[in-house]
Structure formats: structure tokens, C-alpha cells
Amino acid sequence: MAVHRVSCGTSISATICRAAEGDTVELEPGVYTENVLVDKRVHLCAAVMPPVEHAQPPRFEIQSTGGMPAVVVSGAALKGGSLSGVTLSVTWEAPAAAPRRSKRAETRQEPGEGRSAGDAEEERAACVVWCGGGGGSVHGDSMEGRFEIRGCTVRGAGERMTGVHVSGAFVSVAMTEATLRGGGWGLRCSGGGSVECASCVITECVMGGCSVEAGGHASLTQCDVVANAVWTDATSVEIRERVSEYEISGPWP
């Protein structure tokens, strides 16, 4: 398994494209402005830098523009890929409005119903980290698996956007010691997707900390959910303290 080092000013996505399954892609300190597609089983992480006395901690950040997700995870990446030690954020090129939903997209979806490619594209435009596919360009066995997010900060989503969205049957995401800050929802699970959060913080969200929809499932263990609420089955539950094994499941709120 090879290790690829990316320096600021070069492309993360291009490096992932050159990497083989199971390789590690390390980011040197800096702000990388791009929309990163993780479509193979790689480990994307902050590079371990030598300590410098009296220096500020190095900054590792992937920053997208125009409201598009900073990272899209799909395909083989869901079979053992991971993301660690990086801050993910969205900036807006102008006072842009949140993406408008079409009448078709606004139609309530019952559990178990299929998702169209248009739905998937819209989800990608409405979050900072998008994991899954559920009717997009990636189908079949490649959609099965588990992706890990460790020690990352997700921030900067707009008031109608989502920090992390997990979507698609057989798609599972494990988040450990992550911080989801801001946005409409900190975390959303839909289309049969599942997420396990351990020692995470979800805060400063406008609509709520976590929304579980359309057959999704979430488990929160020793997490601080200090946003507004956790929603499922039309029930709002306020959580203002650490929770242990708090589980929620769909359908739509």
C-alpha cells in the first residue's frame, strides 16, 4: 500500500485518481479549495508534521465553494475507506440562496421507495460531506460498505444545508470524535443509510442536530448534541447533555 503526499496548491482529487485501492493520501497543512470525490477505498488524512516549538497547530482544511459539498464519498470508498484529521467547510461565492427543491423533489418519500439520480444530485448540493448514492451514478454491490470519519470538523453549511448526509441502502458511516458545527441539520440519514456516532459533537444547527428519514438509522454514543433536536417519526427530542446509546430510526419526521 503506497502513501501519496499532497501539498497545498495541488489537487486532492487528482491524487486520489492516481492512487490504488487501499493507498493512503496525506494532506500537508493548508487550505485546499476544491470539491473532492472519494470513489475508491483510500485513506484520506492529515499528514503528521514534526512539532515546531511555539508554532500554531498546522491547519488542514478542504474548502469548497458555491454551496457544493467539500467531499463526496461513493462507490468502492464505502468498503473500508476513511477520512481523518481534516476540517471540511463550504464557502459561498456570493449571497447565494440555498438550492431550490423541485416539486418532484418535495414530494414526500415513503420508506423503501427508490431514489432518482436527480435526488442524489440535489443531496450532493445540500451538504458538506455526502456519503452514498441511492439512485445516483453508482449502483449495485459497490454501494455496500462502511466508511469512517475520524477526528474531523465539518462546518460552514448554510441554514438549509446539512453537515453530513448518509444516503442509500447498505451504506454505513462510522464517525468518531468528529464535530459537526452549523448548518440546517448537523447530520441526516435517509434512503436506508445508517450512521454510528461515538464521542461526537453536533452544535449550532438551525433546524436540528440530527434528522433520520426514509428508513435511515442512527446510533449516538457518548455524544454532545447541543443543536436543537433529534428528529424521527414526527417526534422532537431535545438533548442538552451527553447521551449513551441513544438510537433513532426513520421514516420521515
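Worth pointing out:
So that you can scan it fast, the table gives a plain yes or no per residue for (1) more than 21 Å from residue 75 (Cβ to Cβ); (2) aromatic (Phe, Trp, Tyr); (3) under 17 Å from the mean Cα position of the chain (by Cα):
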position	(1), (2), (3)
20	no, no, no
24	no, no, no
47	yes, no, no
62	no, no, yes
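- Selection within the range 42-72 - free of Cβ contacts under 8 Å to residues at least 60 places away in the same chain and in contact with a Lys or Arg (Cβ under 8 Å, 6 or more places away or on another chain): 47, 68, 72
- All strands (runs of 3 or more DSSP E) inside the range 139-221 with 2 or more residues being among the small types (Gly, Ala, Ser), in contact (Cβ under 8 Å) with a residue 24 or more places away in the chain and touching a Leu at 6+ places or on another chain (Cβ under 8 Å): 208-212
- Any chance residue 208 is in contact with a Gly (Cβ under 9 Å, 6 or more places away or on another chain) and either crowded, with 24+ Cβ neighbours inside 10 Å or of a type in the set (S, T, N, Q) (or both): no
- Taken over the range 128-158, the criterion of being modelled with pLDDT of 55 or more, more than 16 Å from residue 200 (Cβ to Cβ) and within 16 Å of the chain's Cα centre (by Cα) is satisfied by 130, 132, 133, 145, 146, 156, 158.
- Yes/no for residue 108 being more than 17 Å from residue 129 (Cβ to Cβ), at pLDDT below 90 and out of contact with any Lys or Arg (no Cβ under 8 Å at 6 or more places or on another chain): yes
- Lone qualifier among 80, 75 - being surrounded by fewer than 16 Cβ atoms within 10 Å (Cβ to Cβ) and within 17 Å of the chain's Cα centre (by Cα): 80
- Boolean, residue 64 is surrounded by fewer than 20 Cβ atoms within 10 Å (Cβ to Cβ) and not aliphatic (A, V, I, L, M): no
The values are calculated or read from the model by the stated rules, or taken from the named source; none is laboratory data. Source: prediction; values computed, not measured. Note that we place each Cβ from the backbone using ideal geometry, even for glycine, and neighbour counts take in every protein chain shown.
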